[in-house]
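Peer 1: My questions will all concern the structure given below.
The values are calculated or read from the model by the stated rules, or taken from the named source; none is laboratory data. What you are looking at is a predicted structure, and each value in this text was computed from that prediction instead of being measured. Cβ atoms come from the backbone with ideal geometry, glycine included; neighbour counts cover every protein chain shown.
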Amino acid sequence: MEAGDNVLTDSALDRRVYKTAVFDSARWDRFIPRGDDILICTPPKCGTTWMQTIVASLLWPAGDMPGPVGVVSPWLEARFQPVDEVIERLEAQAHRRFIKSHTPPDGIPWFPSASYIAVFRDGRDAFMSLVNHVAHFRPEFVDSLNALSAEDHVEPMPPWDGDVHGFFRTSLADEERLPSAHLAGWWARRREPNLLLVHYNDLKVDLPGEMDRVSKFLGIDVPANSWPEVVDRCTFARMRERGSRGEIAPFERIFEGGSDSFIYKGTNGRWRDVLSEDELASYERLVADRLPPDAAAWLEQGSLALGSRP
């Protein structure tokens with residue numbers, strides 16, 4: 001499909017620009033959409049790679065995907081990948097494309113014929129996963145990002161100093177990129193037919209059921225005899241195994257410990273033994289200020305625990 005075949009309502013003038021040492025949402029200005037594109041949109045550490053792996057397994061039920069998940073499905077906004085290379089790779093893909101985004105919804109394009117999957121997780125669980133994430137960045141990777149930041153006059157990424165509580169305060173101060181802020185935008189669009197909201201907890205509780213929801217939403221028919229393996233490839237254990245073989249992404253370039261550091265525990269509730277009552281109260285106030293009660297409950301628990309879908 002040619003770009004002109006897609007009905008576009010997006011305007012770069014209407015989008016907010018988010019730019020950090022790590023990513024730049026303005027890179028979407030270079031993107032030429034196709035009608036069947038899939039955009040996987042999540043705050044950091046909310047199940048992005050998991051959903052990319054799920055979509056890949058659905059699109060290639062025989063397991064013959066033409067490269068690692070994170071290479072075939074790039075993070076368009078990532079400043080550590082030259083934008084020309086990412087765009088060239090996407091334009092060369094003849095298969096159905098699926099692209100990762102960590103930008104809040106007011107900073108990414110809205111294409112009525114594309115499919116959007118927005119994945120969420122309790123912000124406290126996402127924070128604990130982010131702690132592990134930044135603690136394992138290779139120093140040379142951080143140095144390379146900060147060199148780019150200096151050129152663009154962007155605030156550099158500070159080195160990890162092990163202060164979890166200081167990092168939590170900084171994270172809350174940057175509230176525009178918290179899961180609650182992301183969800184506020186997507187919640188307003190939750191009735192749009194080309195948007196699917198998915199919760200990390202639901203993937204943990206019923207992976208086959210949630211993958212079936214995703215496949216139906218995307219209009220992908222998986223042969224019945226392939227379904228058990230299609231799902232099994234997306235379990236946490238198999239993802240760790242596949243990650244060690246380089247099938248998920250080239251983690252070693254960025255993280256000390258490679259895939260074992262990135263695909264870490266996948267557990268929830270670790271914040272209970274780390275964050276103080278005052279810190280938790282600050283988090284809860286931010287969520288209450290951003291979200292209506294039903295959205296706040298869904299962000300914390302997911303659909304299966306609540307017994308209803310957004």
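Peer 1: Out of the residues in the range 258-287 that are surrounded by 14 or more Cβ atoms within 10 Å (Cβ to Cβ) and assigned to a loop (DSSP other than H, G, I, E, B), state the one that is modelled with the lowest pLDDT.
Peer 2: Filtering first and then ranking leaves Gly258.
Peer 1: Scan the range 44-64 for residues that are in contact (Cβ under 8 Å) with a residue 60 or more places away in the chain and either of a type in the set (A, V, I, L, M) or part of a helix (DSSP H, G or I) (or both) and report the count.
Peer 2: 11
Peer 1: What number of residues in the range 220-254 are in contact with a Gly (Cβ under 8 Å, 6 or more places away or on another chain), over 22 Å from Asp202 (Cα atoms) and not in a helix (DSSP H, G or I)?
Peer 2: Residues flagged as in contact with a Gly (Cβ under 8 Å, 6 or more places away or on another chain), over 22 Å from Asp202 (Cα atoms) and not in a helix (DSSP H, G or I) within the range 220-254 amount to 2.
Peer 1: Among Arg121, Arg89, Arg97, which is the only one that is more than 24 Å from Phe255 (Cα to Cα) and either charged (D, E, K, R) or without any contact (Cβ under 8 Å) to a residue 60 or more places away in the chain (or both)? Show your work before the answer.
Peer 2: Numbers: Arg121 fails: more than 24 Å from Phe255 (Cα to Cα); Arg89 fails: more than 24 Å from Phe255 (Cα to Cα).
That would be Arg97, the only listed residue that is more than 24 Å from Phe255 (Cα to Cα) and either charged (D, E, K, R) or without any contact (Cβ under 8 Å) to a residue 60 or more places away in the chain (or both).
Peer 1: Could you list all residues from the range 69-93 that are assigned to a helix (DSSP H, G or I) and of a type in the set (A, V, I, L, M, F, W, C)?
Peer 2: Of everything in the range 69-93, those that are assigned to a helix (DSSP H, G or I) and of a type in the set (A, V, I, L, M, F, W, C) turn out to be Val69, Val71, Val72, Val83, Val86, Ile87, Leu90, Ala92.
Peer 1: Which residues, counting only those in the range 94-144, are of a type in the set (S, T, N, Q) and in a helix (DSSP H, G or I)?
Peer 2: Ser129, Asn132, Ser144
Peer 1: A follow-up question, please. Just name the residue that is modelled with the lowest pLDDT out of those in the range 1-43 that are in a loop (DSSP other than H, G, I, E, B), basic (Lys, Arg) and crowded, with 18+ Cβ neighbours inside 10 Å.
Peer 2: Among them, the one singled out is Arg15.
Peer 1: I want to confirm something. Restricting to the range 113-162 and keeping residues that are small (Gly, Ala, Ser) and over 20 Å from the mean Cα position of the chain (by Cα), which single residue is surrounded by the most Cβ atoms within 10 Å (Cβ to Cβ)? Spell out the reasoning first.
Peer 2: Looking only at the range 113-162, we keep the residues that are small (Gly, Ala, Ser), and these are 113-115, 118, 123, 126, 129, 135, 144, 147, 149-150, 162.
Narrowing the set further to residues that are over 20 Å from the mean Cα position of the chain (by Cα) leaves 113, 144, 147, 149-150, 162.
On the way: Ser113: 15, Ser144: 15, Ala147: 11, Ser149: 18, Ala150: 11, Gly162: 9.
Result: Ser149.
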